[in-house]
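Chemist: Sharing a structure, written as structure tokens. Questions coming.
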Number of protein chains: 2
Amino acid sequence: MNAAPTVYDVAERSGVSIATVSRVYRSPDSVRAATRERVLAAARELGYVPSGNARGLASRSTGVLGLCFPDYSDPDTVGAEDDDAAMLYSDQIIRGMERAARRHGYALLIAASLEGGPENLVAKVAGRVDGFAVLARTVPTEELEVISRRRPVVMLAGPRAQDPSLDHLDHVEVANEDGQYQLTRHLLDDHGLRRLAYVGLADDSPDVEARFRGFRRACREAGVETGDEPALRMPMMTQAEGAHAADLLCGGAGERPEAFVFANDQMAVGALQALERRGLRVPDDIVVTGFDGIPLSRLVRPALTTVRQPMVRLGEKAVELLVRRLTGEREAEPVSLMLPVGVARRASCGCADEETTTGFTDL
Amino acid sequence: MNAAPTVYDVAERSGVSIATVSRVYRSPDSVRAATRERVLAAARELGYVPSGNARGLASRSTGVLGLCFPDYSDPDTVGAEDDDAAMLYSDQIIRGMERAARRHGYALLIAASLEGGPENLVAKVAGRVDGFAVLARTVPTEELEVISRRRPVVMLAGPRAQDPSLDHLDHVEVANEDGQYQLTRHLLDDHGLRRLAYVGLADDSPDVEARFRGFRRACREAGVETGDEPALRMPMMTQAEGAHAADLLCGGAGERPEAFVFANDQMAVGALQALERRGLRVPDDIVVTGFDGIPLSRLVRPALTTVRQPMVRLGEKAVELLVRRLTGEREAEPVSLMLPVGVARRASCGCADEETTTGFTDL
DNA sequence: ATGAAAGCGCTAACAG
DNA sequence: CTGTTAGCGCTTTCAT
């Protein structure tokens, strides 16, 4: 790979000016066909690849959108049983964003956040894109504040504005609270259950907390007693922990709950396995529900009743908001979308497959 | 977003030269702590975000690796039952590449290929990265040839060099032939099956053809008769088609096969459902196997015997090869890796869970 | 440890 | 339709 050819080389070789070479790539129609072919031929012979950097510098835009998400990966989780499921979340957002970005002519730059410092990946991403999306709590607030002064940023998931310095950002989330509420009402009203055990997350997560609020509200409205805290909080919400949680809740003193309401599907799937080992039948002996609607949830036996998050659409919406800021409406009022979720009533709560949509939207 | 501040603004505001501002970001230690803080403070106040473009242009490198993959998405497949599974393939490569790229300090730029023309996404990607991976048959050969003269390119999957003009590219594939061979031998030798029906793909795909070759070789060596062609070739290898294939093979004249050997997991899963509907028991009445090792394969009932492709590792390897070219060994001999696959012997062939690894590697 | 100056390769007016 | 001419914002010697 010796010195890469530039517009000058191509221009010289095809006997035109650099401006014409540039035109051939930017607006082919503005160049006479014969000339264009000469240029293209020269480019091919030379192995010319236009420099995105030079282009971006001169045109002040990159044609790239970005996504920053947290680094989920356990350092050496190689076998990766849970791993597959664990990353589905960001995988789906990536898929949605890539698809939507492509429709709008953008490519997608992705990076999981690393540690801080002035030279971290987030800063790098920010400098190379026209706008980007951030999964909540991935990037330090202060840094995001600085960046968002220069580039459109949309916040994904999490609460509207954890920090007032960020309230000018567009924002997309899913109806966590409402979804969990609806699911819980279903258990309460349609199945007549009363003793529900909620299994949440140890760390503070806005999404998971919203789900728990939905659970509590449903219980309260149905006159069912609930503590201020989930029955259990697990550290990572993995499948293994779900199994563990099921064991704890079954083995504990007092009456066994009638239903385990898990804050995500992975735990619920783990619980299903643990209960099977114990010889307990779902849903006859005990009802189990999840949250997320990962593909696996439909495939386990019994199929898992859960709340389906439209993660792919989340990604698509993010791109739409970015594109909107990038084209014209740069100064529009910040938008906050809440994507509706679907309650999938499946076998693990004793239903045949049914699904209803819930939640509300702006825009 | 008025005029974005540049090094000049930051320099002026902090009373240093632009060179110092640059140093603060590139090599913080080469600047006195007090100076550095002044610069960083000014940057923060101004909302300074270094331009990746200007940086890349000046330093001749982007710190970004790329991936181009085919556009799988059916335009309006919204419900997306199969969609989830269909994209798992590229999703996993993305995951593997992102992870490995991050370890090496790179971000990842992804784009599904669009149509041609001098200004397509592939060209765009090529111009914005230090090197990139291409899923076989995503990019026109000629275009790839031109680009690969200027940037390291690694070819993923597919055969070594479909085109001799591309034989200087690094290449990573999985042991398709050997994996299918081992799986088939298992059916033949350990389960004593004799009448196997192979279900492949209508379109010509190097990977799928390699699998079929493995199947044939196994049969031949075991003295089992096989035609030159699969029993069936389906157009898309979706779940629905798998179900359809099962129906065809059951309903057909002549003896029903003892085993359905599918070229991928999705079809096998579909077949499982179709067979259940027909009241046929797997593996007692009929054995079913897949290929890929998607997460679903472990979760269906009965769990699917299959060949596990290490897609995440494929992505990781791709990054390793790129990084190698990018650091020193630019002129090294082209490498061709074949990643070993694992035969997962599960319930759908009558085994308890077992797994063996097969295939060979270079490097 | 810091500054000065020369590009990096391209786009974008503006002429012609 | 095509050429000329300025930068775009940063890194990078080379001095100091």
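Chemist: Quick check: anything in the range B:287-301 assigned to a loop (DSSP other than H, G, I, E, B), in contact (Cβ under 8 Å) with a residue 60 or more places away in the chain and in the same structural domain as residue B:262 (by TED's automatic domain parsing)?
Modeler: yes
So that you can scan it fast, the table gives a plain yes or no per residue for (1) surrounded by 20 or more Cβ atoms within 10 Å (Cβ to Cβ); (2) under 17 Å from residue A:67 (Cα atoms):
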| site | (1), (2) |
| --- | --- |
| A:132 | yes, yes |
| A:140 | no, yes |
| A:144 | yes, yes |
| A:165 | no, no |
| A:180 | yes, no |
| A:192 | no, no |
| A:199 | yes, no |
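Chemist: If you go through the range A:47-61, how many residues are surrounded by fewer than 18 Cβ atoms within 10 Å (Cβ to Cβ) and assigned to a helix (DSSP H, G or I)?
Modeler: Looking only at that region, the number is 3.
Chemist: All but one of (1) in a helix (DSSP H, G or I); (2) buried (at least 20 other Cβ atoms within 10 Å of the Cβ) hold for residue B:324; state the number of the condition that does not hold.
Modeler: (2)
Chemist: Another one. Among B:211, B:217, B:185, which is the only one that is away from chain A (no Cβ under 14 Å) and touching a residue at least 60 places away in the same chain (Cβ under 8 Å)?
Modeler: Of the residues listed, the single one that is away from chain A (no Cβ under 14 Å) and touching a residue at least 60 places away in the same chain (Cβ under 8 Å) is B:211.
Chemist: Name the residues in the range A:48-63 that are within 15 Å of DNA strand D (Cβ to nearest atom), within 7 Å of chain B (Cβ to nearest Cβ) and small (Gly, Ala, Ser), would you?
Modeler: A:51, A:52, A:54, A:56
Chemist: Would you check which residues across the range B:19-35 are under 18 Å from residue B:9 (Cα atoms) and more than 7 Å from DNA strand C (Cβ to nearest atom) and list them?
Modeler: Answer for the range B:19-35, where residues must be under 18 Å from residue B:9 (Cα atoms) and more than 7 Å from DNA strand C (Cβ to nearest atom): B:21, B:22, B:24, B:25, B:26.
Chemist: Is it the case that the range B:28-42 has a residue that's crowded, with 18+ Cβ neighbours inside 10 Å, over 27 Å from residue B:128 (Cα atoms) and in contact with a Pro (Cβ under 8 Å, 6 or more places away or on another chain)?
Modeler: yes
Chemist: Look through A:99, A:36 and report the one residue that is touching an Asp or Glu at 6+ places or on another chain (Cβ under 7 Å) and either within 16 Å of DNA strand D (Cβ to nearest atom) or at pLDDT below 95 (or both). Before the answer, list the steps.
Modeler: Working: A:36 fails: touching an Asp or Glu at 6+ places or on another chain (Cβ under 7 Å).
After ruling out the rest, the residue left standing is A:99.
Chemist: If you don't mind, there's one more thing I want to ask. Which condition breaks for residue B:107 when tested against (1) under 21 Å from residue B:52 (Cβ atoms); (2) more than 9 Å from chain A (Cβ to nearest Cβ); (3) out of contact with any Cys (no Cβ under 7 Å at 6 or more places or on another chain)?
Modeler: Only one criterion in (1) under 21 Å from residue B:52 (Cβ atoms); (2) more than 9 Å from chain A (Cβ to nearest Cβ); (3) out of contact with any Cys (no Cβ under 7 Å at 6 or more places or on another chain) is unmet by residue B:107, namely (2).
Chemist: Looking at (1) within 14 Å of DNA strand D (Cβ to nearest atom); (2) within 11 Å of chain A (Cβ to nearest Cβ), which one does residue B:45 not meet, given that it meets all the others?
Modeler: (1)
Chemist: Against the conditions (1) part of a strand (DSSP E or B); (2) within 14 Å of another protein chain (Cβ to nearest Cβ); (3) over 18 Å from the mean Cα position of the chain (by Cα); (4) not basic (Lys, Arg), where does residue A:146 fall short? Just the number, please.
Modeler: Condition (1) is where residue A:146 drops out.
The values are calculated or read from the model by the stated rules, or taken from the named source; none is laboratory data. Keep in mind that what you see is a predicted model, and the values were worked out from it rather than measured. Note: ideal-geometry Cβ built from the backbone for every residue, glycine included; neighbour counts use all protein chains shown.
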